[in-house]
1. Please state which of the following conditions residue 349 fails to meet, knowing it meets all the rest: (1) within 16 Å of ligand 2 (Cβ to nearest atom); (2) farther than 18 Å from residue 117 by Cα; (3) at pLDDT below 85.
2. Take residue 272 and decide whether it is touching a strand residue (DSSP E or B) at 6+ places or on another chain (Cβ under 6 Å) and more than 16 Å from ligand 2 (Cβ to nearest atom).
3. Checking the structure you have, find out if any residue of the stretch 38-46 is in a helix (DSSP H, G or I) and buried (at least 17 other Cβ atoms within 10 Å of the Cβ).
4. Give all pairs with beta carbons closer than 8 Å in which a residue from the stretch 109-130 that is touching a residue at least 40 places away in the same chain (Cβ under 8 Å) and within 20 Å of residue 146 (Cα to Cα) meets a residue that is within 8 Å of ligand 1 (Cβ to nearest atom) and in a loop (DSSP other than H, G, I, E, B); count only pairs at least 6 apart in sequence or on separate chains.
5. Run residue 216 past the list (1) farther than 30 Å from residue 420 by Cα; (2) under 16 Å from the mean Cα position of the chain (by Cα) and report the number of the one that doesn't hold.
6. Quick check on the stretch 138-159: of everything there that is outside any loop (DSSP other than H, G, I, E, B), more than 13 Å from ligand 1 (Cβ to nearest atom) and under 19 Å from residue 171 (Cα atoms), which residue is modelled with the lowest pLDDT?
7. So, of the residues in the stretch 305-337 that are buried (at least 17 other Cβ atoms within 10 Å of the Cβ) and either free of Cβ contacts under 8 Å to residues at least 24 places away in the same chain or touching a strand residue (DSSP E or B) at 6+ places or on another chain (Cβ under 7 Å) (or both), which turns out to be farthest from residue 22 (Cα to Cα)?
8. Does the stretch 250-259 contain any residue that is at pLDDT 95 or above and over 17 Å from the mean Cα position of the chain (by Cα)?
Ligand code: ADP
Ligand code: MG
């Protein structure tokens, strides 16, 4: 993520995520977006007034505490409803204080994420079976059938849930086994801290004594050379000693760009299994499971209404249910189709952001034609604008580097990756570019949906 407000907001989210139940987290923060960090205030946008109220009542204090943690002055939070005019018009100013990001790297297993609470559907049949078999193999010291197990799928489809389920199952059946769950980002932060503190041997020792290593979101390894190097050795050591490794990613191994080939090939040694979006029937079953686990009875009609309105992301599905229940509770009534109407995303809401929207935005901003961005001109302004558009496409959409290349005059993926990296490194050195890019992001976010 490019700008400071994103950076700060992500740090806050990662703390909050550990402190509140995943589902409430999604309900209240799933659609919150950072807008900017100016004059000691972090502004975020949320989709509706109800969410704004809840965040202000229940979470503001904690967020401001987190915000000010490690900063020199006290920072405050400003929650805005998306698409409402901004209350003030102060020019964006880059704040000088930034949050510390080196917090504890031990990620606990979420007890609610078990095989029992995971609803199996056609979309997840194989991956669910493979996960169970993997957990049994670790517990029973059987020959490891799939090592590593590589799970991939879009955001919010249950990858993290399954990783935790494997970990929980092993901890339950064989408490003596050592299980470690981390994300590739945490792994990277921990490694950096170890290098800074001259404690890499201890870091290595820790990772090499594990029976089951669960690493979430390995797509964030992109471009992180030192981390990849370390993971490569950890992988070899564990694998060589018959220890189990499970990885998750938002794309299959061969589509990971900027990850060393030898690591990618190891990711494919075992079983690569994907999770697809659940069909309507499975979505209803998932909602029922989520309601049951909260001890709440909800009419089938209501579950169906939610499930038919939100189709691609289980996390959003669950968030909508929680929000709906909160609304009903607040109004002291049973959940009805009417009360639901206000909290579900409207059909035909903001259109989904595409690369063409990004090209238009960038072309307008720099007074160019969209065609210039696709073409081959090497003129400095055009070249940089093109790189900015590529950067935004990568940051704000799901497209892989090769797919982005196809939108920019069939450039190959290494050219696209180079452009992306170029802007990423320029951002830190060039405040003006930083502001321009933040403004374009803000404007795109206001008009299009970037949710998965
Ligand atoms: P990912 O890691 O793929 O982005 P998560 O594992 O975080 O997704 O899942 C998002 C939410 O959806 C979690 O609360 C998880 O419990 C829930 N979820 C996803 N798939 C299922 C499923 N098949 N059954 C029950 N809950 C699910
Ligand atoms: Mg996840």
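1. (1)
2. Spelling it out, residue 272 is indeed touching a strand residue (DSSP E or B) at 6+ places or on another chain (Cβ under 6 Å) and more than 16 Å from ligand 2 (Cβ to nearest atom).
3. Our first condition is that a residue be in a helix (DSSP H, G or I); within the stretch 38-46, this holds for none.
No: the stretch 38-46 contains no residue that is in a helix (DSSP H, G or I) and buried (at least 17 other Cβ atoms within 10 Å of the Cβ).
4. Listed by first residue and then by second, the contacts come to 123/157; 123/278; 124/118; 124/157; 124/158; 124/278.
5. Evaluating residue 216 over (1) farther than 30 Å from residue 420 by Cα; (2) under 16 Å from the mean Cα position of the chain (by Cα) leaves (1) as the failure.
6. Going through the qualifying residues, I end up with 140.
7. Only one residue fits best here, namely 328.
8. yes
The values are calculated or read from the model by the stated rules, or taken from the named source; none is laboratory data. Quick caveat, the model's predicted, so the values are computed rather than measured. Cβ: placed from backbone, ideal geometry, glycine included. Neighbour counts: every protein chain shown.
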